[in-house]
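What follows is one structure encoded as structure tokens, with my remarks underneath.
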Amino acid sequence: MTVSNTSKRRQPSLAQLRAFSAVAEHLHFRDAAAAIGMSQPALSGAVAALEETLGVTLLERTTRKVLLSPAGERLAVRARAVLEAVVALLEEAEAVRAPFTGALRLGVIPTVAPYLLPTVLRLVHDRYPDLDLQVHEEQTANLLEGLTTGRLDLLLLAVPLGVPGVVELPLFDEDFVLVTPLGHPLGGRSGIPREALRELNLLLLDEGHCLRDQALDICREAGRGDAPVTTTAAGLSTLVQLVAGGLGVTLLPRTAVRVEATRSDQLLTGYFTEPAPTRRIALAMRTGAARRAEYQELAAALREALRPLPVRVLGGDRPAPTGN
């Protein structure tokens, strides 16, 4: 076996890195020592030992203040990264020992967050009180980037995704409804044929929202060509206000109706004939996630918690992989 020169070198200790990182942050030995609960002499000795181990001068010491040397500026970034990685390691180990503890970074798409998060947060508060749930609302592409790079742990979004290395845990299917202004011929009707979408002035979300793509797919299935879109909105709240103002009609998922379609008395909700256009919502995790069993249990608990909503809850016996 070949041993590299790097492996023969003395290795800095975590205490040394922690001491140096504190000094780099505070630029004051007394404040740095107080911040990490170490005596000032011990802190100074740890930084000096780190400098000896690395063979570089990290600090420029004067009688009045402490400055980082050029090498110290560069290595402070590395030291912080090492310490953050150690914290992540400890959190992961804690999660293995005690499920549903530590941080869980959940990514949610904007067309789901306002309508499902109350149920999600209530479930976590009641059933998993030791879980530190951290919510990030972003569009699908950013969420998938966050999941695959490790910035996020779990996603709540519309599927299918078709992304290698990601496993979907289906939660429910929900119908789309047609939201129109007062006086519209289809306003408030039931049994609306999908073909009616061919001639409607349909308002959509901006590019990047998966709900926009789903709406366009529904229109294409109904036989509608690529009609020009002259008005778009960044969120569903703005979209329904545009409808209330008479600029057109839009498609809303059923979970959004109670929140969005009641914002104005100038809106009516129509329902499509069966089978209505639908979308599927799921949790998504990395293939081989260390907390896979927790995420599956959370998905099962969510399915039960979501039953009061106007959705069709799905069975969760077989998670659906979307890639190798």
message: Could you report the chain's accessible area per residue, 1.4 Å probe, as an integer in Å²?
response: 52 Å²
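Of all the stretches in the chain, which is the longest one without any exposed loop site, taking GluC sites (Glu not before Pro) in a DSSP loop (any state but H, G, I, E, B) with at most 10 other Cβ atoms within 10 Å? Don't jump to the answer; show the numbers that get you there.
Working: sites that count: E199, E207.
After excluding every exposed loop site, the longest remaining stretch is 1-198.
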Signed unit charges on C-beta, dipole axis of the chain, positive-most listed residue T232, L169, L59: L59
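On the accessible surface of region 94-226, probed at 1.4 Å, how many percent belong to carbon and sulfur atoms?
Whole-percent figure for carbon plus sulfur exposure: 50.
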task: On the full set of protein chains, 1.4 Å probe, figure out the accessible area of H26 and give it in Å² to the nearest 10.
output: 70 Å²
- prompt: Restricting the count to DSSP beta bridges whose residues both fall in the chain, what percent are antiparallel, rounded to a multiple of 5?
  reply: 70 percent
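Counting helices only, and only those DSSP H runs with n ≥ 4, report the 222 nm mean residue ellipticity of the chain as the sum of -39,500 (n - 2.57) divided by its residues, in deg cm²/dmol to the nearest 500.
Values: 11 runs with 135 residues, N = 324.
Helix contribution divided over all residues of the chain: -13000 deg cm²/dmol.
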Dipole of the chain [Lys/Arg +1, Asp/Glu -1 at C-beta], most positive-end residue of A196, T287, A261: T287
message: How big is region 79-226 along each principal axis, measuring the range of its Cα positions in Å and listing the largest first?
response: 62, 32, 23
field: Stokes-Einstein translational diffusion, the chain - Kirkwood Rh over all Cα pairs, 1.567 mPa s, 4 °C, in µm²/s
entry: 55 µm²/s
message: What is the angle, in °, between the Cα long axis of helix 113-127 and the longest principal axis of the Cα atoms in the chain? Nearest 10 is fine, range 0 to 90.
response: 60 degrees
field: Per-selection Rg to Rh, region 161-313 - Cα, Kirkwood hydrodynamic radius
entry: 1.02
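Could you grab the relative contact order for the chain? Cα pairs under 8 Å, six or more apart, rounded to a whole percent.
Contact order relative to length: 21 percent.
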query: Put a dot 7 Å past each Cα toward the Cβ at D173 and R97; how far apart are the dots in nm?
result: 4.5 nm
- prompt: So what's the net charge close to P110: Lys and Arg +1, Asp and Glu -1, counting the other residues with Cβ under 13 Å from its Cβ?
  reply: -3
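The values are calculated or read from the model by the stated rules, or taken from the named source; none is laboratory data. If you're wondering where the values come from, they're calculated on a predicted model, not measured in any experiment. Neighbour counts run over all protein chains shown; Cβ positions are idealised from the backbone, glycine included. Heavy atoms of the whole protein, side chains included, go into the accessibility calculation; ligands, DNA and RNA do not. Shrake-Rupley method; radii C 1.70, N 1.55, O 1.52, S 1.80 Å.
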